[in-house]
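Taken together, the values in this text are just the output of simple stated rules run on the coordinates, not laboratory data. Just so you know, these numbers come straight off a predicted model, no measurement behind them. Reconstructed Cβ throughout: ideal geometry from the backbone, glycine too, with neighbour counts over all protein chains shown.
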Protein chains: 2
Amino acid sequence: MSARAIPEATVQRLPVYLRILVDMAGRSTTTISSEALAASAGVNSAKVRKDLSFLGSYGTRGVGYDVDCLIHQISRALGLTHDWSTAIVGLGNLGQALAHYGGFAQRGFRIAALLDVDRDLVGQRMAGLEVLHVDEIERVVKEEEIAIGILAVPERSAQEVADRMVAAGIGSILNFAPTLLSVPDHVSLRKVDLSIELQVLSFYEQRRQAEATLGERGQHGERGEQPEPT
Amino acid sequence: MSARAIPEATVQRLPVYLRILVDMAGRSTTTISSEALAASAGVNSAKVRKDLSFLGSYGTRGVGYDVDCLIHQISRALGLTHDWSTAIVGLGNLGQALAHYGGFAQRGFRIAALLDVDRDLVGQRMAGLEVLHVDEIERVVKEEEIAIGILAVPERSAQEVADRMVAAGIGSILNFAPTLLSVPDHVSLRKVDLSIELQVLSFYEQRRQAEATLGERGQHGERGEQPEPT
């Protein structure tokens, strides 16, 4: 299996499958059909089977996929079977929340450095680490072999911090600031929009309220028994 | 156009398209092809055209879609053209970060209430609001017409808080705790996994390092000029 051969769209879906499978394993489910995985991930089952075929995983007819096995295959494809060192730059509320967020270590993302520009924060200990001044970024990236920079500074300084990350040799940046960044072509950049899932909820909330209004007008309300489309 | 007719998988992609389009508009781009939108969203262009057709949006042959028009259509379909009132429960670092996060208000999610169980936090002012005790949740949900509850408490108390949100009449819950929750069928639940995008970065970082190793072995390294698969 070559990592190069996996299409970008598939790469983006693999973490979603992984989250569902880890949930399943937590509920002691040992096998899952492509249909069940597809329904949870919001894609069709043919797409799921195609995506998993890139990992060399084909499941068993009539049985489905082995959950633990699939967790391992997806983790390996995503490079989650070894630890990555990350650095958080910006230790306001969001940065501190990320420093303490259990979900990163669960997935093999070790937070190896915390950096900020604020002299009041520098020297403080958080999540077992001392906060360093951002001027030390170049040294820290080399010493700790930081692969991924997590950017949690305010919008106005986000581009400047991204530039410093790139200059220090960081090849992948995860941007939490709600703003656009420019990076050189050789740098991977992903943006987290914390409102994405809220927008999905908004859709269903709007539908629910429309149905409640219809119900009040004497038609059949369906609150509490609406089928989820797949 | 009926909101009911939009498939769930499409609903999940609409916020992704919207983020890309808002970025485009910020770069003064006025039209976009389905191919360009597809490449940024990590899906194929036929899927984009199908998704947008549910909104009654078909673009213009040879020109593409009008960016501003599409932003409006997606926003309307998602119910983002009117404001939703939300409440954040749990005002540790993550809750405080969310209370101050500019990305929510940008999308029409008004934070109308902050609640916590910690007597040291209750009564404090944050982001223009007074923190209330979670015992007041039922009253606040009614008075402020809270549609969406944002759950930012530690894992161990997440289920209990979700139960209280449901009992108070909240119909949609956004869960930031890295844990599984059970809610009744009539409640919409979405979970935010802050590590999803990190996992996508991990994939590309792994590929980059594999290529660098190949390069050191005397083959052609492609660092800095790797084409992104589409």
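Per residue of peptide A:9-22, the mean number of Cβ atoms on other chains within 10 Å of the residue Cβ is 4.
Between this copy and the others, label points of B:Asp23 are 2.6 nm apart in ascending order, each placed 7 angstrom from Cα in the Cβ direction. When shorter helices are ignored and each DSSP H run of at least 4 residues is given -39500 (n - 2.57), the per-residue value for chain B at 222 nm works out to -13500 deg cm²/dmol. A Cα-only calculation for segment B:1-136 places Rg and Dmax at 18.8, 61 Å. Dividing the mean sequence gap of close Cα pairs (under 8 Å, 6+ apart) by how many residues chain B holds gives a relative contact order of 12 percent. Projecting 7 Å from Cα along the Cα-to-Cβ direction, the label point of A:Pro7 sits 1.4 nm from its equivalents in the other copies, listed shortest first. Largest GNM mean-square fluctuation among B:Arg139, B:Arg61, B:Arg76, using chain B with Cα springs under 10 Å: B:Arg61. Centre-to-centre, using Cα atoms only, segment B:79-103 and segment B:105-143 are separated by 10 Å. Taking a ≥ b ≥ c as the square roots of the Cα gyration tensor eigenvalues, chain A comes out oblate, since a/c reaches at least 1.5 and a/b does not exceed b/c. Sorted from nearest, the other copies put their A:Glu138 label points 6.2 nm away, the label point being 7 Å from Cα in the direction of Cβ.
In the elastic network of chain B, a GNM with C-alpha springs shorter than 10 Å, the most mobile of B:Phe109, B:Phe203, B:Phe176 is B:Phe203. In terms of the mean number of neighbouring beta-carbon atoms within 10 Å, the peptides A:128-136, A:86-94, B:113-121 order highest first as A:86-94, B:113-121, A:128-136. Calculated FRET efficiency, B:Glu136 to A:Arg119, Cβ-Cβ distance, R0 = 45 Å: about 0.70 to the nearest 0.05. With both labels modelled 7 Å from their Cα along Cα-to-Cβ, the A:Arg110 to B:Leu129 distance reads 3.9 nm. Each principal axis of the Cα cloud of segment A:14-56 was taken in turn, and the coordinate range along them, longest first, works out to 25, 20, 17 Å.
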